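Notes for the one structure printed next.
Every number in this text was worked out from the coordinates using simple rules, so none of it is lab data. As the structure is a computational prediction, the values presented were derived from the model and not from experiment. Cβ coordinates were reconstructed from backbone atoms using ideal geometry, including for glycine residues, and neighbour counts include every protein chain displayed.
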Amino acid sequence: MQNRVISRQDLAGFVDDLIRTKSAGEVIGIKAHGNKFNFGPLKSAADLRLDYDISLLPPKKYFLPPQETVLRYESGNSLKVEPVVEEKTMCIIGVHPFDIRALQLVDAVYNGKYPDPNYFLKRNNATIIGVDCLNPIPKSFAASMGTNIVEEGFDLMLTDIGDGYYVTVGTNRGDSMIKKYGKGKEATDTDTEKRDRARRDALKKYKTSLKMKPEEIPALLDASWDSPVFKERSETCFSCGSCVMVCPTCVCFDVQDDPALNLKSGERYRRWDACMLREFAAVASGENFREHKEQRFRHRMYRKGKYLIERYKYLGCVGCGRCGSGCLADIALPADTYNLLKEAK
């Protein structure tokens with residue numbers, strides 16, 4: 001597989017060909033909404049904005065939708081239950097490296113003893129075309145987490161090198177796609193240096209950093225359970241859940257039934273749920289195992305920095321900065337809490 005360089009005009013033609021032929025399924029990409037950006041279906045390459053800073057929601061939403069029906073049922077002389085499993089083919093263009101790393105964690109979570117078919121029938125049929133984030137938001141600390149660049153998890157990776165895009169080929173599928181629909185030329189050493197320079201220049205734009213190596217976070221948390229930092233940081237929390245609802249690595253959901261008015265049919269669905277919400281740890285007896293804001297706040301920091309890496313080998317935070325940007329109380333960014341814990345030692 002040979003990396004390539006493609007002009008902006010030829011990249012637009014490449015995207016338009018994917019949309020026209022539907023060879024990779026529905027084509028989804030980053031679109032502008034005022035001064036914000038989000039993923040959505042593309043009608044043409046003109047809709048695509050690869051120069052964006054961050055999307056409102058991560059691309060995780062296409063594999064684990066905010067709400068998803070998992071079965072339908074009918075009652076009568078006998079109960080009839082029909083699983084609802086949607087298989088979908090899609091191509092997602094413009095995924096930042098930290099979101100690619102986040103998807104690797106979500107993959108690991110849902111690929112347990114019984115792999116989740118609702119997730120993988122969409123995930124395995126998806127083509128991922130990434131783009132390097134050259135303009136991070138002020139709250140992002142992806143560079144500190146080592147997630148500003150990824151070497152796997154994508155079919156193609158685009159890097160803006162000024163007069164066009166450097167195309168890093170990640171898979172045979174990506175290689176076949178760029179050869180069939182993409183023009184351009186094979187990348188030279190000079191082109192590769194341009195790509196690497198663009199990535200180095202992007203590092204200078206990060207405003208937030210972690211004051212430790214990412215691999216030090218679990219041990220730091222081991223020694224910090226009783227730290228007053230958790231209480232101090234959580235006092236202004238609204239328990240609104242904004243931080244976890246925009247997180248690319250949050251995987252929790254609630255399951256509910258929605259019966260029809262005649263009580264003879266209905267459906268069961270799952271929808272995103274989150275540990276920062278008051279009711280998340282409540283049980284039928286009325287007990288709530290994390291009733292207080294401090295408990296919920298601490299749990300989130302431990303889940304991101306300790307629990308997930310122990311179980312799945314991936315830290316639960318990729319440093320994207322969405323949580324910090326969406327938090328009205330300005331307390332959600334894990335880097336800030338971890339830095340305070342480090343200073344308090």
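Here are a few things to note about the model shown:
- Gain in span if fully extended, Leu57 to Asn135, counting 0.36 nm per residue against the direct Cα distance: 26.4 nm
- MRE, 222 nm, helices only [DSSP H, n ≥ 4, -39500 (n - 2.57), over the chain, to nearest 500]: -9000 deg cm²/dmol
- Between the range 137-185 and the range 20-37, the alpha-carbon center distance in angstrom: 16 Å
- Additional length obtainable on full extension of the chain from Thr171 to Ala329, 0.36 nm per residue less Cα span: 52.7 nm
- Over every Cα atom in the range 209-345, the radius of gyration and the widest Cα-Cα span, Dmax, amount to 16.9, 61 Å.
- The calculated FRET efficiency for Thr236 paired with Thr21, based on their beta-carbon distance and R0 = 51 Å, is about 0.50.
- Annotation: for a label point projected 7 angstrom from Cα along Cα→Cβ of Glu152, residues of the range 302-344 with backbone N closer than 17 Å are 312-315.
- Theoretical FRET efficiency, 1/(1+(r/R0)^6), r = Cβ-Cβ of Met212 and Asn262, R0 56 Å, to 0.05: 0.45
- Residue order for Met90, Met1, Met212, fewest other beta carbons within 10 angstrom first, comes to Met1, Met212, Met90.
- Across the options Phe141, Leu103, Met1, the greatest Cα extent toward the positive end of the charge dipole of the chain (unit charges at beta carbon of Lys, Arg, Asp, Glu) belongs to Phe141.
- Note: the range 1-87, Cα convex hull, 171 Å³ per residue.
- With the gyration tensor restricted to C-alpha atoms of the chain, the semi-axes of the equivalent ellipsoid amount to 35, 30, 16 Å, longest first.
- Among Met276, Met177, the ranking by other beta carbons within 10 Å of each residue's beta carbon, starting with the fewest, stands as Met177, Met276.
- According to the Kirkwood relation over distinct C-alpha pairs, the hydrodynamic radius of the range 73-176 is 16.0 Å.
- Per-selection Kirkwood Rh - the range 4-203 (Cα, Å, 1 d.p.): 18.0 Å
- Measuring against 26 Å, Cα to Cα, the residue pairs Lys204/Lys231; Lys139/Lys211; Lys179/Lys313 contain Lys204/Lys231; Lys179/Lys313 as the ones spanning a longer distance.
- Free-standing Cys residues across the chain, given no other cysteine C-beta under 4.7 angstrom: Cys91, Cys133, Cys237, Cys240, Cys252, Cys275, Cys317, Cys320, Cys327
- Ranked for footprinting exposure by Cβ neighbours inside 10 Å, fewest first, Arg233, Arg322 give Arg233, Arg322.
- The range 118-210: GluC sites (Glu not before Pro) in DSSP loop, at most 16 other beta carbons within 10 Å: Glu151, Glu152
- R0 of 45 Å, Cβ-Cβ distance Glu291-Glu186: FRET efficiency to nearest 0.05: 0.15
- Spatial separation of Cα centroids for the range 285-329 and the range 188-211, in angstrom: 30 Å
- Placing unit charges on the Cβ atoms only, positive for Lys and Arg and negative for Asp and Glu, gives the chain a dipole magnitude near 220 debye about its Cα centre.
- D_trans [Stokes-Einstein, Kirkwood Rh over alpha-carbon pairs] for the range 134-207, 37 °C, 0.692 mPa s, µm² s⁻¹: 242 µm²/s
- In sequence order, calculated HN-Hα J values of the range 313-320 (Karplus, 6.51, -1.76, 1.60; Hz; x Gly/Pro): 6, 10, 4, x, 10, 10, x, 5
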